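One structure below.
The values are calculated or read from the model by the stated rules, or taken from the named source; none is laboratory data. Remember, it's a predicted structure, so these values are computed and weren't measured experimentally. Cβ placement follows ideal geometry from the backbone for every residue including glycine, while neighbour counts extend to all protein chains displayed.
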Amino acid sequence: MKYIFSIVILFLSIVLLSCIEAIPDLDDNALAINTEWFEFDSLGGEQVLIIASNTAWEISYDSDWCEPSIKIDSGDVTLLIKAEPNDSFEVRTTTFSIKAEKCECN
């Protein structure tokens, strides 16, 4: 009986351990965003960008009419992309690059 009980415990242990997901390697940096583009009308405005990361990150950009509310931070952050009104009839575009060590989103 003791032998059967030991086998049952061993079997249950194997089954339970096989159901546990592997713990991700915390040395691997991760960076993800909720969207890849924004579109503003001529009035400008604000839109939400969510950054999910397990490391420090930085946003670079090259416009003077559109900018993020937060430029450097770490971890998961919700920020605003703010665009000024467009008083001209020209289409404006810009690119944001979000970089973290060993990660990059354009």
Exercise. From the residues in region 80-97 that are at pLDDT below 95 and part of a strand (DSSP E or B), which one is surrounded by the most Cβ atoms within 10 Å (Cβ to Cβ)?
Worked result: PHE96
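Is at least one residue of region 58-77 in a loop (DSSP other than H, G, I, E, B) and free of Cβ contacts under 8 Å to residues at least 12 places away in the same chain?
So the first thing to find is which residues in region 58-77 are in a loop (DSSP other than H, G, I, E, B), and the list is 62-65, 69-71, 75-76.
Next, from what is left, pick out any that are free of Cβ contacts under 8 Å to residues at least 12 places away in the same chain: 64, 70.
Checked against the condition, which is being in a loop (DSSP other than H, G, I, E, B) and free of Cβ contacts under 8 Å to residues at least 12 places away in the same chain, region 58-77 yields at least one hit.
Just checking, how many residues over region 70-79 are polar (S, T, N, Q) and either within 21 Å of SER42 (Cβ to Cβ) or exposed (fewer than 13 other Cβ atoms within 10 Å of the Cβ) (or both)? Talk me through it step by step, then tell me what you get.
Taking region 70-79 and keeping what is polar (S, T, N, Q), we get 74, 78.
Keeping just the survivors that are either within 21 Å of SER42 (Cβ to Cβ) or exposed (fewer than 13 other Cβ atoms within 10 Å of the Cβ) (or both) gives 78.
Qualifying residue count for the region: 1.
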Seminar exercise, completed: Just one listed residue, out of SER53, SER42, is touching a residue at least 12 places away in the same chain (Cβ under 8 Å) and more than 21 Å from the chain's Cα centre (by Cα), and it is SER42
